[in-house]
Amino acid sequence: MNSKDLFALALGLVSPWYVARNELDVAGRRLEIGIDFERGGTFRCSECDTAGCKAYDSEERSWRHLNFFQYETILTARVPRVDCGKCGKRLVNVPWARAGSGFTMLFEALILTMAPHMPVAAIARLVGEHDTRLWRIIHHHVDEARAARDDSGVRSLGVDETSSRRGHKYVSLFVDIDARRVLFATEGKDSSTVERFREDMIDHAGDPDQIKEVCLDMSAAFIKGVRNSLPEAVPTFDKFHVIQLLSKAVSDTFRSEKDEHPELKGNRYALLRNPETMSDEQLGFASNLLLRKTHLKSARALHLKLAFQDFYYQPANEAEAYLKRWCGWAQRSRVPAMVKVARTIREHWDGILRWFSSKITNGLIEGINSLVQAAKAKARGYRTSRNLITMIYLIAGKLELNVTHLR
């Protein structure tokens, strides 16, 4: 078997395609494989797939292929133009690359395999291409996979935002809680993001009115968006965001007292931890604060926070009574930050209690957010929101990219 036959076999070429030449430039570290077609060969129309079309003309094209050992490999070919009786004159589609791409399918499959695991700029340096060209590959296949997605089975939704860049720029995420996948990501975090999700879901054979449960934080914008765009969904306010309100109240109270009470200095993080994760030193400080420093607002705030965490462990039929007692205690505590939390809880009463029926949280989104932020940190940020959103789909969208057919 000569080298031309070997390359033809490796590329999976079948008649009328064949390898006409191969040229190795050792100094330039480049291999060029020339492909041609047999005289009289027939092809399928690239538009209607009609077989038996004869070539009457050709056009020279080239594609970047996987490296051959350390050599950059380029495929060049005479691409025939046929005259289809139905569609007119058309260039045929070659079997080793998708239409309009300057890369072979195998090269694109490599990029799609690597992209979820390392920055695109690093991949570009590794393969010797500009990252803008690689982003075009990724955008194409992610968009194609999203277009084929079916949202008809979505019933439970999680909504949250993640930061896209410095300066209070955000991307809102809409997650199918049951399937554990990102359905939709869009710039901003206002109520219009929910309407955009609704439109996107309809475009993917989904019925927004079939969504019965939605988990979100207590953002007024998201609440308004859900009320207007997902009218059949009953909101559950994410318990981790509720507890974050308590932690912020403890932190704010601590800051307001630490200058007057030197014994508090250096211990703020001890108050933000749960007892089971505290070091012995932190546990000793928190215990001393709760038992001996009850006159401090920080002690009362910490006590209220710990007591609230027990709320989620109450039997469902006792939860509302427990929450009423807690709110009464918080409002009598004379701790301004906790009085504010109690007021917020009363304003979102039904959605907080809904957890005992739905049992849904945004813990899944928080995990996705961690993956996104880690990818963003490795990439040192993304130049555009579109790149970030595409990477979110690639990492957490569970898309069927058809990489196998590219191979």
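A few remarks follow.
- Among the trypsin sites (Lys or Arg not before Pro) in segment 160-253, those placed in a DSSP loop whose Cβ has at most 15 other Cβ atoms within 10 Å are R166, R180, K212.
- Here segment 118-180 is treated as a sphere whose radius is the Kirkwood value from Cα pairs; by Stokes-Einstein at 10 °C and 1.306 mPa s it diffuses with a coefficient of 109 µm²/s.
- Size of electric dipole in segment 348-391: Cβ of Lys, Arg +1 and of Asp, Glu -1, about Cα centre, debye, nearest 20: 340
- All-pairs Cα distance distribution in segment 1-140, expressed in whole percent, bin size 5 Å: 2, 9, 18, 19, 17, 15, 11, 6, 2, 0
- When the alpha-carbon atoms of segment 146-207 are used, the pair Rg, Dmax equals 11.8, 37 angstrom.
- Comparing S62, S46, S15 in a Gaussian network model of the chain, where Cα atoms under 10 Å apart are tied by springs, the biggest mean-square fluctuation is seen for S15.
- The C-alpha radius of gyration of segment 197-257, expressed as a fraction of 2.2 N^0.38 Å, stands at 1.54.
- Once the chain from L126 to D5 is taken as fully extended at 0.36 nm per residue, the excess over their C-alpha distance is 40.6 nm.
- The Kirkwood radius of segment 1-55, taken over pairs of alpha-carbon atoms, gives through the Stokes-Einstein law at 37 °C and 0.692 mPa s a diffusion coefficient of 255 µm² s⁻¹.
- Protection proxy ranking, peptides 22-28, 69-75, 383-389, average beta carbon neighbours within 10 Å, highest first: 383-389, 69-75, 22-28
- Distance between the 7 Å Cα→Cβ label points at K359 and R165: 4.3 nm.
- Eligible aspartates and glutamates near K86 by straight Cα distance, threshold 13 Å, same-chain separation 8 or greater: E47, D49
- Separation in nanometres of the label points that stand 7 Å from Cα toward Cβ, at S247 and D83: 7.2
- Ordering R125, R30, R380, R325 by accessible surface, largest first, gives R380, R125, R325, R30; the 1.4 Å probe counts only protein heavy atoms, with every chain in place.
- Nearest-0.05 FRET efficiency for L66 and E366, computed from C-beta distance (R0 45 Å): 0.75
- C-alpha long axis of helix 385-396 to longest principal axis of the chain, angle in °: 90
- Tensor-based shape of segment 48-207 (alpha-carbon gyration tensor, a/c under 1.5 rounded, otherwise prolate or oblate): oblate
- Per residue value of the accessible surface for the chain (all protein chains in place, 1.4 Å probe), Å²: 52
- Extension reserve of the F240-R44 stretch, reckoned as 0.36 nm per residue once the Cα distance is removed: 64.8 nm
- For segment 53-130, the ratio of Cα radius of gyration to the globular rule of thumb 2.2 N^0.38 Å stands at 1.37.
- Highest-fluctuation residue, D200, D151, D252 considered, GNM on the chain with Cα pairs under 10 Å: D252
- Distance (nanometres) between label positions extended 7 Å along Cα→Cβ at E400 and S152: 1.3
- Calculated log₁₀ intensity ratio I(q)/I(0) where the Debye formula runs over C-alpha points of the chain, q = 0.08, 0.11, 0.13 Å⁻¹: -0.63, -0.92, -1.12
- Dipole magnitude for the chain: about 1200 debye, using +1 per Lys or Arg Cβ and -1 per Asp or Glu Cβ, origin at the Cα centre.
- Listed residues V226, V214, V19, most fluctuating in the chain (Gaussian network, C-alpha, under 10 Å): V19
- Set of lysines with alpha-carbon distance to K212 below 18 Å, sequence-local pairs under 8 removed: K224, K359
- Of all accessible heavy-atom area on the chain, the percent that carbon and sulfur account for (1.4 Å): 49
- Projecting the Cα atoms of I392, Y170, S251 onto the charge dipole of the chain (Cβ charges, centred on the Cα centre) puts S251 farthest toward the positive pole.
- Both radii come from the Cα set of segment 293-389: Rg as radius of gyration, Rh as Kirkwood radius; their ratio Rg/Rh reads 1.15.
- The sum of -39500 (n - 2.57) across all DSSP H runs of n ≥ 4, divided by the residue count of the chain, sets its helix-only mean residue ellipticity at 222 nm to -14000 deg cm²/dmol.
- Backbone amide hydrogens, once placed in the peptide plane, bring L173 within less than 5 Å of D160, E161, T162, excluding anything fewer than 5 places away on its chain.
The values are calculated or read from the model by the stated rules, or taken from the named source; none is laboratory data. All of these numbers come straight from a predicted model, not from anything done at the bench. Because the Cβ atoms are built from the backbone with ideal geometry, glycine has one as well, and the counts that use them run over all protein chains shown. Quick note on the areas: whole protein, heavy atoms, side chains included, nothing else; ligands and nucleic acids left out. Shrake-Rupley method; radii C 1.70, N 1.55, O 1.52, S 1.80 Å.
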